[in-house]
1. State to the nearest 20 debye the size of the charge dipole of the chain about its Cα centre, where the only charges are +1 on K and R beta carbons and -1 on D and E beta carbons.
2. Ignoring ligands, DNA and RNA, what percent of the accessible area of segment 4-203 is carbon or sulfur (1.4 Å)?
3. If I fit a long axis through the Cα atoms of helix 63-74 and take the longest principal axis of the Cα atoms of the chain, what angle between them do I get, 0 to 90°, rounded to 10?
4. Give me the lysines in straight-line cross-link reach of residue 128: C-alpha distance below 26 Å, same-chain residues under 8 apart excluded.
5. Relative to the longest principal Cα axis of the chain, at what angle does helix 183-203 sit, 0 to 90 degrees, rounded to 10?
6. Under 11 Å from the Cβ of residue 136, count the other residues' Cβ atoms, weight Lys and Arg +1, Asp and Glu -1, and hand me the total.
7. Please go through segment 1-77 and write out the trypsin sites (Lys or Arg not before Pro) that DSSP classes as loop and that have at most 16 other C-beta atoms within 10 Å.
Amino acid sequence: MSTAANSILIFAGSSRVNSFNRKLAKEAARLVREADARPTYIELGDLNFPLYNADLESRGTPGAVIRLKEMMHAHAGWIIASPEYNGSYTALLKNTIDWASSPAKAGAECSQDEAENWKSGTKPFAGKVVGLLSASPGMMGGLRSLEHLAPLMRNLQCWVAPQQFALGKAGDAFDAQGHLKDEAAIAKVKAVVDQVIWAVQRLGT
Ligand SMILES: Cc1cc2nc3c(=O)[nH]c(=O)nc-3n(C[C@H](O)[C@H](O)[C@H](O)COP(=O)(O)O)c2cc1C
């Protein structure tokens, strides 16, 4: 699968029904579409990855993990909305990244060819432009989760966009339809979106 120009993969590190970060990620997807780029929004909770365990993986990488590696690789950039748990990112986000960054192992749901294709753990990540968002009911907006997430993404050879946005007081920030109420907040999400699109065009990832 080749990488599609201007394609942006978007996801949040929460599966909570009324998650502020899922709402923020969907706002980012809307702004990507308005910028004439191509968003793909996915729900990490729907992937149903088991908790990462190398013994389990040695019996074969789950098919859903291979599909995510393919999807990550096929997009030029990503936007992640990260909740903050105890000053860091969530287990859901870390577990997803751990599976996606581990070299594939052949088994019932992963062919020898797929294992060979995904033997490099960084292949789904290398060269991706990543825009970071966060949302929290607190004043800091989950900013500390981004301070942990940025080096993690860089370690996987991603280009982390310098523009980022942490939405504070997220409990008051969205209307009944899940849209951001404040124009200034929308402009800050748009600044991240625009920088990711700008960078994927220049890097040609
Ligand atoms: C275990 C746990 C730890 C948390 N730690 C923090 C924290 O360090 N900073 C913060 O701003 N919010 C913290 N929160 C509150 C979350 O920001 C809040 O639950 C938020 O709604 C989670 O994101 P979501 O709405 O996208 O699910 C924590 C919540 C949980 C469950």
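The values are calculated or read from the model by the stated rules, or taken from the named source; none is laboratory data. Note that this is a predicted model, so its numbers are computed, not measured. Cβ placement follows ideal geometry from the backbone for every residue including glycine, while neighbour counts extend to all protein chains displayed. Remember, those area values only see protein heavy atoms, side chains included, never the ligands or the DNA or RNA. Shrake-Rupley method; radii C 1.70, N 1.55, O 1.52, S 1.80 Å.
1. Numbers: 22 positive and 20 negative charges, 51 e Å.
Dipole about the Cα centre, nearest 20: 240 debye.
2. Details: 4720 of 9230 Å².
In segment 4-203, the share of accessible area belonging to carbon and sulfur is 51 percent.
3. In the chain, helix 63-74 runs at an angle near 60 degrees to the longest axis.
4. Partners found: 23, 26, 69, 94, 105, 119, 188, 190.
5. Compared with the principal axis, the helix lies near 40 degrees.
6. Value of the local net charge: +1.
7. 16, 59
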